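Taking it in order: structure first as structure tokens, then the write-up.
Nothing in this text is a laboratory measurement; each read-out follows from the coordinates by a stated rule. Everything numeric here is computed off the predicted structure, so don't read it as measured data. With ideal geometry, Cβ positions are generated from the backbone for all residues, glycine too; neighbour counts draw on all protein chains shown.
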Amino acid sequence: MIASWKDYAMALDPKLLELLVDPLTKAPLIYHREKQELVSIESALAYPIRDDIPVMLEDEARRLTPEELDGWRQKR
């Protein structure tokens with residue numbers, strides 16, 4: 001289950017989150033603390049965070065399932 005937006009934004013430096021955007025769409029990203037990913041609703045991708053470093057490469061991103069994407073859209 002997806003918690004509130006505030007729960008996801010607290011663990012990642014808010015200033016860093018403001019600077020990072022989806023490299024494909026330039027849309028804002030959502031930090032998913034439990035999965036250590038940055039989620040882009042617009043591109044339906046989740047970029048991994050490894051060793052506290054966001055990996056902003058399309059080839060490394062995970063495609064969101066339709067159910068995950070619907071869940072994120074409902075929280076918008």
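Things to note:
- Here residue 63 does not fit the description of being without any contact (Cβ under 8 Å) to a residue 60 or more places away in the chain, of a type in the set (Lys, Arg) and out of contact with any strand residue (DSSP E or B) (no Cβ under 7 Å at 6 or more places or on another chain).
- Filter result (of a type in the set (Phe, Trp, Tyr) and farther than 18 Å from residue 76 by Cα) within the range 20-66: 47
- Selection within the range 23-37 - in contact with a Pro (Cβ under 9 Å, 6 or more places away or on another chain) and in contact (Cβ under 8 Å) with a residue 24 or more places away in the chain: 37
- The single condition from (1) in contact (Cβ under 8 Å) with a residue 12 or more places away in the chain; (2) closer than 20 Å to residue 18 by Cα; (3) exposed (fewer than 13 other Cβ atoms within 10 Å of the Cβ); (4) among the charged types (D, E, K, R) that residue 51 fails is (1).
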